[in-house]
1. Which condition from (1) β-branched (V, I, T); (2) within 17 Å of I79 (Cα to Cα); (3) touching an Asp or Glu at 6+ places or on another chain (Cβ under 7 Å) is the one that I60 breaks?
2. Just the residues that are surrounded by 12 or more Cβ atoms within 10 Å (Cβ to Cβ), charged (D, E, K, R) and in a helix (DSSP H, G or I), please, taken from the stretch 132-147.
3. Need pairs with beta-carbon distance below 8 Å; first residue closer than 11 Å to V12 by Cα and within the stretch 118-147, second β-branched (V, I, T) and assigned to a helix (DSSP H, G or I); sequence gap 6+ or separate chains.
4. Farther than 23 Å from H118 by Cα, without any contact (Cβ under 8 Å) to a residue 40 or more places away in the chain and basic (K, R) - does that describe any residue in the stretch 63-75?
5. Of the residues that make up the stretch 12-35, is at least one surrounded by 15 or more Cβ atoms within 10 Å (Cβ to Cβ), of a type outside the set (G, A, S) and under 19 Å from T146 (Cβ atoms)?
6. I'm checking my understanding of the structure. Among residues of the stretch 54-74 that are small (G, A, S) and closer than 21 Å to E24 by Cα, which one is modelled with the lowest pLDDT?
7. For E43, are the conditions met, namely being under 18 Å from H17 (Cα atoms) and surrounded by fewer than 19 Cβ atoms within 10 Å (Cβ to Cβ)?
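The values are calculated or read from the model by the stated rules, or taken from the named source; none is laboratory data. None of these values were measured; they are calculated from a predicted model. Ideal geometry is used to build each Cβ from the backbone, glycine not excepted, and the neighbour counts take in all protein chains shown.
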Amino acid sequence: MDERIHLTAATVIANNHCYLLVKETIDGRQVINQPAGHVVPGEDIIAAAVRETLEETGWIVKPVGFLGFTTYRSDSNDITYYRATFCAEPVREDPLQAIDCQIDEVLWLSIAEIYDYHPMLRSPMVLDCIEQYEKQRIFPLDLFKTC
């Protein structure tokens, strides 16, 4: 398998006009991102989004829609990321959940604060999927089938 290709799942979670994001350190640089991570072989992609959200934020979420599939090639590492982004409702925070060691901080940010953090966004995908959510361009989850 080509290590320059990565399938990831991400989640946009909104609550009280704020979005659940993480501040993480990647290659020595602090960045802002949605909860997101790699889909492991054999894993359902929606389940991957839920798992990554819990591992990175401590929040249990309920997926409610699909925001889109994005292809992005990073100039910094020459990796092509294929990202499925879902939207979900926050169910509850699990105070006993250990947060991934790469996560520096879990944040709830308004859209205005996200724009202020623009230089720190991990990739253009972060803002793009939030803007899709803001426009309510949401597709049903039944697009995804597991056979």
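1. Just one mismatch for I60, condition (2).
2. E134, the sole residue that qualifies.
3. That search, which allows pairs on different chains as well, returns V126/I114; L127/I114; I130/I111; I130/I114; E134/I111.
4. The answer is no, given that none of the residues of the stretch 63-75 is farther than 23 Å from H118 by Cα, without any contact (Cβ under 8 Å) to a residue 40 or more places away in the chain and basic (K, R).
5. no
6. Filtering the stretch 54-74 for residues that are small (G, A, S) and closer than 21 Å to E24 by Cα, the one modelled with the lowest pLDDT comes out as S74.
7. no
Yes or no, residue by residue, for (1) assigned to a loop (DSSP other than H, G, I, E, B); (2) modelled with pLDDT of 95 or more; (3) under 14 Å from the mean Cα position of the chain (by Cα); (4) not aromatic (F, W, Y):
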| residue | (1), (2), (3), (4) |
| --- | --- |
| V91 | no, yes, no, yes |
| Q97 | yes, yes, no, yes |
| C101 | yes, no, no, yes |
| E105 | no, yes, no, yes |
| W108 | no, yes, yes, no |
| E113 | no, yes, no, yes |
| I130 | no, yes, yes, yes |
